[in-house]
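Comments concern the structure below.
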Amino acid sequence: MKEWIYELKTTFSANQVLTELADRYSYSFDGSFGEYLPDAVVQVKTKEEVVHVMKMANRYKVPVTPRGQGTCLSGGPLPVKGGIVLDTSQWPANIKVIPDDLIAVVSPGVLTASINQEVEKFGLMYPPDPSSAHVSTIGGNLAENSGGPRGLKYGVTKDYVIGLELVTPEGEIIKTGGRTIKNVTGFDLTKLVIGSEGTLGVIIEATLKLVPKPPAMQTLMAVFDEVELSGRAISKTLTSGILPSKMEFMDQASIQAVENYKPSGLPVDAAALLMIELDGHPEAIKAEAVQVEKIMKELGAKDIVVPKKEEAAAKIWQARKQVSPAIAKIKPTKVSEDATVPRSKIAEMMEKLELIKEKYNIELIVFGHAGDGNLHPNIMCDKRDEDEMIRVEQAVGEIFQAAVDLGGTLSGEHGIGTMKAPFMEQELGSAGLDMMKRIKDSWDPNGIMNPGKMFPERGQKLVLRHE
Amino acid sequence: MNDLKALQEKLQYDKTFDCVQCGYCLPACPTYETMEKETHSPRGRINLVKMAAEGKASLEDLEEPIEKCLGCMACTTVCPTNVQYGAILEGVKETLEDNKEKTKRSEKTEEFLFRSFFPSSRWMNRLGNATWLYQATGLQKVARSLRLTAMSPLHLGEFEKVIPSQPSPFVRKKRMQRVEPEGTPAAKIAFFTGCVMDSVFFEINQQTIELMKRSGAEVILPEHQTCCGALHAHSGKVGLSKELAMENIKAFEDENIDYIVNNAGGCGARLIEYNHLFEEGTEWHRRAKAFTEKVKDISEVLVKLDGLKFSAPVEKLVTYQPSCHMTNVQRVTKPPRQLIEQVPGVKLREMNNPDFCCGSAGVYNIVNYDDSMEILNKKMEAVNKTNPEVIVTTNPGCLLQMKLGVEREGKSGEVQALHLVELLMEAFPRPKSSIGKGSVCDLGIGK
């Protein structure tokens, strides 16, 4: 037995340190690609335990990879260099709402959806809504800076964090930010840590900003014969003084996939669908709904649905939720990207995606949060088909290039992790990437904090094939 | 290499690729909740099967995680990509079973249990009779006071306390094989009696028959029916399970039957999937399909017949513990609740997370006693919050487990655990058609 494992086993209770092969394999994956076997899994439940693990790992120079519930789509919790997986999912959930300050203080293992359930009791809302919110932990959301459909109006995770408590790679507890909205004392380390994918430390507590829960909602669905028209309808709506909480897009392939999977009454001959949600005061959204309907009509929507009842609205959003499972029926392996472009470039990006689809002869389906330019091009393929996977690798590279060329980014909300690391320089330039690397090196002198992520190794390429 | 190919086929390796590891199954899995690690989650188990099929882990590594799975199938209900977890689980159980080296003795015991005991109505009746003898002669009291039963390693003592009183062998023997309603039958029903239901819960079976009769149906009990084979399949004995399925398909092959009705969620789940046991396009697949199309839970058929009028109120607060296999395999969730609400006086109060397994899971509570009790504790927490007078279930395993839960909480005086059928009978149901016509013959059962 390695000396550091022995040390772990003697300091923690037996059921907190997992070293059996079956257990190690059970923490070797996430929702993305590949499996990497850790040497040990430590299930931490207190701040002191995290400090202990980090101090020890730093002494032995053992890699540590923090993990929530492993729903990540970019490989954040994969222990690519072995060592320790630090499981925070079993940390007792603690949500302390301070309604007068419009904040909540939470422990890292709290499920994101349960924060909302708790703050709703006070008429408040925590807006970020990744679709995995009922499974994922807030710790994971913070590390990855998760988004969600409501990002259009409310922004993403980082916009709702005002303070953090963090264990550094050297095992020190630091506090960043605080409990106030305004705070300009020193560097904004809070924002630096959010989205750093566990490469700068382990988040052990967060102070979240809340907003009043909107009293009413209204859904609309608009049907288009041309993708380009739907793109223009988005721009027109957003420049008319209306900010919907969600504007979701589905292309023809995703509409048809849903109808084949669980018929929901979507128009299968449509080229594109927009699903819109307005929230706010009931009188205000009534007026806004009329205006949005008018805009959609003017821009050539061939049909507009404005459900009067909640169930009918829920049915529309249910259909949107079915896209992921529905397209999984096409082929077993899903390569889910989240390249994001400025809103005005959505139509252009759609055209480029169409060309890439033809060039590489791949099953490419596009849906996503069109209102904020965050598309989800999904490539459906089969891991076991080597030829196909090579084509997919090339196509992914071109999708990234297309997004960057249009002034966009590699990743809107999923993160870089292992898969997108080879493309970082393309977007940031070598000097930009180098500055990031220097920050990382000074925070983590021994390179033990989630190594192998975000920063490409020399000559690293995207590989989706089975070794 | 060829060995690995064969292993992959046996382990349903291809089916593991349907899992995209999104983790949506985690919050639904009772063992992930109580055992607190991925190894005991659906996603973790599927990944381990994959690792074993790729030769990266051994079959021994799989044993514990697979053995600890309840098979409640709650993961399949929430899975966004429709992973066939049931098929994967059965595949790996069969593989492990074939791989296991067994001592002669345990092999003999198992051979007896699965080949003769469960499938044999003679043995099951004897169990019922022995239980009756045991209770009627006062042996039970003696055994309890001597703590004999508490010493048994299988914790059978715990279960023994909650087994209901048994009817005498005479009552068992005189049961009719055909029961006709007053007037023209609204449907012809073949009743699947089940092994545990027909022995330990014989009385509930009688009440079930009575309810169908009063709903206007003609009920027959096909003579050559046997065990549904669920317990066999869950223990990796797929071949045996298939033999039993074929016997049942034959026994119920009568074109005049409208429904094949059962009152045990676990059996129903097996019966309704008989067609999965045979290759599509074969004669047996066709026969199995004809069988499964008629399979209904008692609650479904009572709602459908809509022939009962309850004549006495039951002023009780009820909570409903659905059988996992009713919810996740048969997908029958509304009819039992509809029936509970039809009973005058009853107030139904749903518990938090009712779809969370109670930990009974076939013979899981006997084989994995401690793990099962952890799960039961969680369940009882939710049950207690509703402060019920009655816990209603629809499966013998759940019923025993809920009785055990009540007993462990020291509430046997205040809280009853009942099968849905028992609750319905408490409200003196009468045939709608004969209301006002005077007395109803009730064969002397279901007081």
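Go through segment A:289-380 and tell me which helices (runs of 4 or more DSSP H), entirely inside it, have 2 or more residues that are surrounded by fewer than 17 Cβ atoms within 10 Å (Cβ to Cβ), at pLDDT 90 or above and away from every other protein chain (no Cβ under 14 Å).
Numbers: elements: A:310-321, A:323-328, A:346-360.
By residue number, A:310-321, A:346-360.
Considering segment A:144-163 alone, what residues qualify as being assigned to a helix (DSSP H, G or I) and open to solvent by 20 Å² or more (accessible area, probe 1.4 Å)?
Looking only at segment A:144-163, we keep the residues that are assigned to a helix (DSSP H, G or I), and these are A:144, A:151-154, A:157-160.
If the condition is that a residue be assigned to a helix (DSSP H, G or I) and open to solvent by 20 Å² or more (accessible area, probe 1.4 Å), then A:144, A:153, A:154, A:158, A:159 are the ones that fit.
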Segment B:358-369, subset closer than 17 Å to residue B:63 by Cβ and part of a helix (DSSP H, G or I), residue modelled with the lowest pLDDT: B:367
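Determine, yes or no, whether residue B:251 is over 19 Å from the mean Cα position of the chain (by Cα) and aliphatic (A, V, I, L, M). Lay out the reasoning, then the answer.
On the way: over 19 Å from the mean Cα position of the chain (by Cα): yes; aliphatic (A, V, I, L, M): yes.
Yes; evaluated as a whole, the condition is true for this residue.
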Scan segment B:270-287 residue by residue and report those that are among the aliphatic types (A, V, I, L, M) and buried (at least 22 other Cβ atoms within 10 Å of the Cβ). B:271, B:272
When every residue in segment A:395-449 that is touching a residue at least 24 places away in the same chain (Cβ under 8 Å) and polar (S, T, N, Q) is compared, the one nearest to residue A:76 (Cα to Cα) is A:418
I need a count of the residues in segment B:315-360 that are within 26 Å of residue B:432 (Cα to Cα), out of contact with any Ser or Thr (no Cβ under 7 Å at 6 or more places or on another chain) and open to solvent by less than 20 Å² (accessible area, probe 1.4 Å). 4
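For residue A:208, are the conditions met, namely being of a type outside the set (Lys, Arg), under 17 Å from residue A:443 (Cβ atoms), surrounded by 14 or more Cβ atoms within 10 Å (Cβ to Cβ) and in contact with a Phe, Trp or Tyr (Cβ under 7 Å, 6 or more places away or on another chain)?
Values: of a type outside the set (Lys, Arg): yes; under 17 Å from residue A:443 (Cβ atoms): no; surrounded by 14 or more Cβ atoms within 10 Å (Cβ to Cβ): yes; in contact with a Phe, Trp or Tyr (Cβ under 7 Å, 6 or more places away or on another chain): yes.
No: the conditions fail for residue A:208.
For segment B:378-400, give me each residue that is in a helix (DSSP H, G or I) and under 18 Å from residue B:74 (Cα atoms).
Looking only at segment B:378-400, we keep the residues that are in a helix (DSSP H, G or I), and these are B:378-386, B:396-400.
Selection gives B:378, B:379, B:382, B:397, B:398.
Does residue B:340 count as over 17 Å from residue B:71 (Cβ atoms) and in a helix (DSSP H, G or I)?
Values: over 17 Å from residue B:71 (Cβ atoms): yes; in a helix (DSSP H, G or I): yes.
Yes; evaluated as a whole, the condition is true for this residue.
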Of the conditions (1) surrounded by fewer than 22 Cβ atoms within 10 Å (Cβ to Cβ); (2) at negative phi, residue A:194 clears all except one; give me its number. (1)
Quick check on segment B:63-85. Is at least one of its residues at the interface with chain A (Cβ under 8 Å from one of its Cβ atoms), crowded, with 17+ Cβ neighbours inside 10 Å and modelled with pLDDT of 95 or more? yes
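Yes/no per residue for (1) within 29 Å of residue A:129 (Cα to Cα); (2) surrounded by fewer than 18 Cβ atoms within 10 Å (Cβ to Cβ); (3) touching a Gly at 6+ places or on another chain (Cβ under 8 Å); (4) within 14 Å of chain B (Cβ to nearest Cβ):
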position: A:400; (1), (2), (3), (4): yes, no, no, no
position: A:404; (1), (2), (3), (4): yes, yes, no, no
position: A:414; (1), (2), (3), (4): yes, no, no, yes
position: A:426; (1), (2), (3), (4): no, yes, no, no
position: A:432; (1), (2), (3), (4): no, yes, no, no
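State whether the residues of segment A:241-249 include one that is under 22 Å from residue A:46 (Cα atoms) and under 19 Å from the mean Cα position of the chain (by Cα). Explain how you work it out, then say what you get.
First, the residues of segment A:241-249 that are under 22 Å from residue A:46 (Cα atoms): none.
No; the residues of segment A:241-249 include none that is under 22 Å from residue A:46 (Cα atoms) and under 19 Å from the mean Cα position of the chain (by Cα).
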Mind checking whether some residue in segment B:211-220 is hydrophobic (A, V, I, L, M, F, W, C), surrounded by fewer than 23 Cβ atoms within 10 Å (Cβ to Cβ) and under 30 Å from residue B:339 (Cα atoms)? yes
If you take just the helices (runs of 4 or more DSSP H) that sit entirely in segment A:1-105, which of them hold at least 2 residues that are touching a residue at least 12 places away in the same chain (Cβ under 8 Å) and either within 25 Å of the chain's Cα centre (by Cα) or within 12 Å of chain B (Cβ to nearest Cβ) (or both)? A:21-26
So residue A:183 clears everything in (1) outside the structural domain of residue A:309 (by TED's automatic domain parsing); (2) closer than 24 Å to residue A:338 by Cβ except one condition, right? Which one? (2)
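The values are calculated or read from the model by the stated rules, or taken from the named source; none is laboratory data. Not measured: the values here are computed from a predicted model. FYI the Cβ positions are ideal-geometry reconstructions off the backbone, even for glycines, and counts take in every protein chain you see. The protein model used for the area step is the full one, side chains on, heavy atoms only, and it has no ligands, DNA or RNA in it. Shrake-Rupley method; radii C 1.70, N 1.55, O 1.52, S 1.80 Å.
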